[in-house]
Amino acid sequence: MAARGTASKSTPKAASKKASKTTRATASGARPDTAQALWDSVKRGDASLSEGDTLQAYKDMLLIRRFEERTGQMYGMGVIGGFCHLYIGQEAVVTGVKMALEEGDQIITSYRDHGHMLAMGMDPKGVMAELTGREGGYSRGKGGSMHMFSVDKGFFGGHGIVGAQVPIGTGLAFANAYRDNGQVAAAFFGEGASNQGQVYEAFNMAELWKLPVIYVIENNGYAMGTSLQRSAAETHLYKRGRSFNIPGEEVDGMDVAQVREASMRAARWCREGNGPIILEMKTYRYRGHSMSDPAKYRSKDEVQKVRAEHDPIDMVRDRILKAGWAGEDDLKKMDRAVKDVVSAAAEFAQESPEPQAEELWTDIYAPLGGHD
Amino acid sequence: MPTNITMPALSPTMEEGTLAKWLVSEGDSVAAGDVIAEIETDKATMEVEAVDEGVIGKLVVAEGTEAVPVNDVIAVLLEDGEDAAALDAAPSPPAATPPADTGPNDHAPPATQDAAAQDAAAQDAAALDTSTLVEPDIPSGVALKSVTVREALRDAMAEEMRADDAVFVIGEEVAEYQGAYKVTQGLLEEFGARRVIDTPITEHGFAGIGVGAAFAGLRPVVEFMTFNFAMQAIDQIVNSAAKTRYMSGGEISCPIVFRGPNGAAARVAAQHSQDYTAWYAHVPGLIVIAPYSAADAKGLLKAAIRDPNPVIFLENEVLYGKTFDVPDTDDWVVPIGKAKVLKPGRDVTIVSHSHGLTYVMDALADLEAAGIDAEVIDLRTIRPLDKQAVIASVQKTNRCVTVEEGWSICGIGSEISAILMQDAFDYLDAPVMRVTGKDVPMPYAANLEKLALPSVADVVTAVKAVTYK
């Protein structure tokens, strides 16, 4: 499906192999003339989750939360060093996006990345052992909290420079378009990163070349200690693609069902060759920016209110109980099982040896003069 | 079983803190995430959250206590249903297993000479082994053809693009304009817009897109109109392209070539005339190539495109139009990491690269007239540097002059000098002399620009100085 006939001649043809037809609800049947209007005309799917999906989402989010709580605890014990950014409160975002992705799709994110790894199916033991800087870690202890990767699971990091993952993620999408393989890349970044110049350089080329990339802005309200209102002239970040003709949508990032539904539409949009799309996930982090953040820039009441009224995990839990898909005891059992996984990861991460001294000198270069 | 709550480290450097305030009492139920205490560090007051649900069994450290060491037990948490009697069974602190062998000096650098030598050996062995590389022979039956550096570079790209669909060229004006310096001339016509891609003026963005495409297994050749503009993109080059293989424990490779003209152009002033060789040569994870001749430009660019590592390929605008003999074959690949002796000699070793060699070659007649037989080494690859070639030559000549267009401070000549001090000190009969660009931004005025660059006279003077002539 060609988009608006404005693609540059240099366009690597965006993928369409796997595309299924999007249902459009245009009253007249005529094609809307801006990307935003076209996006708005795409019929919304059913945002309710099936029993199986709900229970799975609950489990996946719980794993992230318990993992991050344990991470915070181990940081406090001095077992984890350096910078460490927890994802607690934002679990629904990556969990919902992942539910919309297909095998072979890729994601990339910033340094608040443990949740993304777990959502992509990376082994909690390997993630935790990287946090402790041990041999059993995904990067064999050389990357730490902010730098882990798994090509196999479609996870391309793990990037420490705010905003740098956005052009790189756009490059992953470029490769998909170049190969015409029908895959989609999702580039996650915070609302703080959305003020970086390179983000807009990437936006421009992504739309110019109709690259299949979902820009997922995780708007948790604070870039370190600077609130969105104090840093953004336009606080509706889903509009940030307007001058590039990239459509956007605001999504309740605390509701995994809403995240999944919007992401499904977005992924289909990309696969059909419409180019990039921006999803602004309104979310919230309960913890500080990093472990050493005293969080004096917001009130405790503000945090408590979100936790009490709009917690992504509690909301799903309530739905499960209300629908009778599981009882309190079942959920407790599930919680116990998740805790066991996390405990095993924590144990592994402390038992795994530190990397050998020789590791200092490995992985700087691939062997010279040949393909990897 | 009861869980110990320990004094948390709230920053990478915190060792102790003041337990300012308890927000819970013994017997209170808490859920994971509840704030239970406030702790003062030297930087700020921080909140401590419960990491598990349960009942506060005991507050071990009273509020107001100062200098509580990190990891000391400050409270004990009971599971639902446990009573305080279980406290006696609580495990003793600290709960954490410290990493093995983490004495305070464990990470100190090796102090002895031997250790330093081992360290260097490990570095050489583990980084890039160039010891077995040999200059390729020109295959029999292959004729030499007169080709400009510009055409040689284009031929290298075209041949590699024919051989591998994953190779593509991306940059400003590379396609329809045929290259700002006409290096990509004809590529669009042969390979089409899918593989020869014009970008907007957006270096940081397209460098990052190239890195992402390389992470995904493509082989981008990213052209910077000049390396002066690559400064906009240097974060993606250094932080993303160079370091990711290491940070990922070898999981991710970045087979990308960043190429374009580097160094002084003519009469374009300071922002458009700068030599970045030393900048990139400083970075582990990058390969840095700066060829002089057309044959090396072609053979090394082909090697760079085939290489699985990120390569900085520094061309020179002034050299683009120069003609050299190039083997007339599409299988001419020059090994990365191997210097070349352009002219053998007995009296002094002159080490240079890229356009620096034009001053050297032009100085040879004067040197010969002065009775000096100079050996000229073209480094070709700056990282990994072919130390052995330089050392072997100096062991023969006992004197060395380096010539580069870049600034002197922390330049390539500085590195060569250090290598010779360390590894060939006993062979040196004179101090190593550096001929470099002057330590000033490039001026516009024709006479000043000439003064700012190295000159044939500078080379002759330096060589005469080290040969005591």
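The alpha carbons of the range B:340-466 give a radius of gyration and a Dmax of 13.8, 44 Å, in that order. Using a ≥ b ≥ c from the Cα gyration tensor of the range A:188-280 (square roots of the eigenvalues), is it rounded, prolate or oblate, where a/c under 1.5 gives rounded and otherwise the larger of a/b and b/c decides, a/b for prolate? Oblate, because a/c is 1.5 or more while a/b does not exceed b/c. For B:Ile197, the residues 5 or more places off, or on other chains, whose built amide H falls under 5 Å of its own are B:Val169, B:Ile170, B:Gly171.
Only Cα sites of the range B:264-366 enter the Debye sum here, all with the same form factor; the resulting log10 I(q)/I(0) across q = 0.15 1/Å is -0.74, listed in q order. The region of chain B that goes longest without hitting one of the GluC sites (Glu not before Pro) in a DSSP loop, each with at most 14 other Cβ atoms within 10 Å, is B:177-469.
Taking the alpha carbon gyration tensor of the range B:144-327, multiplying each eigenvalue by 5 and rooting it gives semi-axes of 23, 19, 16 Å, largest first. Close amide H pairs (under 5 Å, H built 1.01 Å from N) link B:Ala20 with B:Glu38, B:Ile39, B:Glu40, B:Gly64, residues at least 5 positions away or on another chain. Between B:Leu428, B:Trp279, B:Phe324, the Cα set farthest toward the positive side of the dipole of chain B (charges on each charged residue's Cβ, about the Cα centre) is that of B:Phe324. In the range B:3-89 the Cα-Cα distances spread across 5 Å bins starting at 0 as 3, 15, 28, 25, 16, 9, 3, 1 percent of all pairs.
For B:Ala457, the shell of other residues with beta-carbons less than 13 Å away shows a net charge of -1, using +1 for Lys and Arg and -1 for Asp and Glu.
For chain B, the square roots a ≥ b ≥ c of the C-alpha gyration tensor eigenvalues yield an a/c of 1.5 or more together with a/b exceeding b/c, which makes the shape prolate.
In this Cβ point-charge picture (+1 for Lys and Arg, -1 for Asp and Glu), the range B:204-331 has a dipole of about 260 debye about its Cα centre. Shape call for the range B:415-466 from the C-alpha gyration tensor, a ≥ b ≥ c root eigenvalues: rounded (a/c under 1.5), prolate (a/b greater than b/c) or oblate? Oblate shape, in that a/c is at least 1.5 and b/c is the bigger or equal ratio. Taking the alpha-carbon centroid of each part, what is the distance from the range A:72-120 to the range B:437-469 in angstrom? Here the answer is 55 Å between Cα centres. For chain A, the equivalent ellipsoid derived from the alpha-carbon gyration tensor has semi-axes of 33, 26, 20 Å in decreasing order. Around the amide H of A:Ala186, modelled in the peptide plane, lie the amide H atoms of A:Gln106, A:Ile107, A:Ile108, A:Ile214, all under 5 Å away and 5 or more residues distant in sequence or on another chain.
Per DSSP H run of n ≥ 4, the term is -39500 (n - 2.57); total these for the protein assembly as shown, divide by its residue number, and report the mean residue ellipticity at 222 nm rounded to 500 deg cm²/dmol.
Numbers: 24 runs with 275 residues, N = 841.
Taken over the protein assembly as shown, the calculation gives -10000 deg cm²/dmol.
Per the Kirkwood formula applied to alpha carbons, the protein assembly as shown shows a radius of gyration over Rh ratio, Rg over Rh, of 1.03. With the convex hull constructed from alpha-carbon coordinates only, the range B:174-269 shows a mean projected area of 6.7 nm² over all directions. Considering only A:Pro367, A:Met334, A:Val251, and ranking their Cα positions along the charge dipole of chain A that arises from unit charges at the beta-carbon of Lys, Arg, Asp and Glu, the one farthest toward the positive end is A:Val251.
Note on the range A:196-263 and the range B:380-416: Cα centroid distance 49 Å, given to the nearest whole angstrom.
None of the figures in this text is laboratory data; all of them are computed from the coordinates on show. Being a predicted model, the structure only gives us computed values, none of them experimental. Neighbour counts are summed over all protein chains in view; Cβ atoms, including those assigned to glycine, are modelled from backbone coordinates with ideal geometry.
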